[in-house]
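Read the structure below first, then the notes.
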Amino acid sequence: MKIGFYPGSFDPITFGHLDIIDRGAKLFDKLYVAISHNPNKKTMFTAPERIALVKDAVKDFPNVEVIQSDILTVVHCKQLGATHILRGLRAVTDYDYEFQLTNFNRRLDNEIDTVFLMTEGQHSYLSSSSVRELAEFNGDVSPFVPKAVVAAIKKKVASKR
Ligand code: ADP
């Protein structure tokens, strides 16, 4: 059984992430979507909120499981029997960071490899940070994120005002 591990902040999950999950779910028998929990990183949504939103977005994928991760990615992969880390690539601007991260992870554990899926053109400009920024300025985020995320963003923004 081929097990994949897709780590990220997912703050919040976007259609770009979902495209990678959709295609990753076809590559692996089982795909873990691992929501990072870093208490030092300021996020719009808490880890339990991000997990709930990702769970809702992937509920129709039978082989996708959403989990929280607060340990090293390669260690978590080993624990779960995952052989591959899955990452998405948008523009060349992602490349430097991903290249460094991939090689660092391989240095930590050379049995765990990373595979990349290039995003569909329509998602290449889409990032969680752009969605958060748009939300702060009361813009319409509905073209970029699932319905449940739109509602959660509205609630979050209203609670801050
Ligand atoms: P991180 O904080 O680790 O960058 P993100 O949640 O922003 O976490 O992203 C997780 C992964 O999803 C990364 O590999 C990132 O490149 C990828 N990703 C994010 N947005 C998109 C998108 N629009 N299309 C394809 N991949 C994406």
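The values are calculated or read from the model by the stated rules, or taken from the named source; none is laboratory data. Only a predicted model underlies this, so the values are computations on that prediction, with no experimental measurement involved. Backbone-built Cβ (ideal geometry, glycine too); neighbour counts: all protein chains shown. Surface accessibility is based on the protein's heavy atoms, side chains included, excluding ligands, DNA and RNA. Shrake-Rupley method; radii C 1.70, N 1.55, O 1.52, S 1.80 Å.
Structure data summary
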{"read-out": "Test: residue in the stretch 122-142 that is open to solvent by 90 Å² or more (accessible area, probe 1.4 Å), of a type in the set (Phe, Trp, Tyr) and closer than 21 Å to Tyr32 by Cβ", "value": "no"}
{"read-out": "Residue count for the stretch 56-74, restricted to those that are of a type in the set (Val, Ile, Thr) and either farther than 12 Å from Pro7 by Cβ or in a strand (DSSP E or B) (or both)", "value": "4"}
{"read-out": "Selection from the stretch 82-113 of residues that are loosely packed, with under 12 Cβ neighbours inside 10 Å and under 25 Å from Asn63 (Cα atoms)", "value": "Glu111"}
{"read-out": "Residues of the stretch 94-147 satisfying the condition of being at pLDDT 95 or above, among the hydroxyl-bearing types (Ser, Thr, Tyr) and within 15 Å of the chain's Cα centre (by Cα)", "value": "Thr114, Ser127, Ser128, Ser129, Ser130"}
{"read-out": "Qualifying position, being in a strand (DSSP E or B) and not acidic (Asp, Glu), among Leu117, Leu18, Leu53", "value": "Leu117"}
{"read-out": "Residues satisfying the stated conditions in the stretch 56-111, i.e. touching a strand residue (DSSP E or B) at 6+ places or on another chain (Cβ under 8 Å), more than 14 Å from the ligand (Cβ to nearest atom) and of a type in the set (D, E, K, R)", "value": "Glu65, Arg106"}
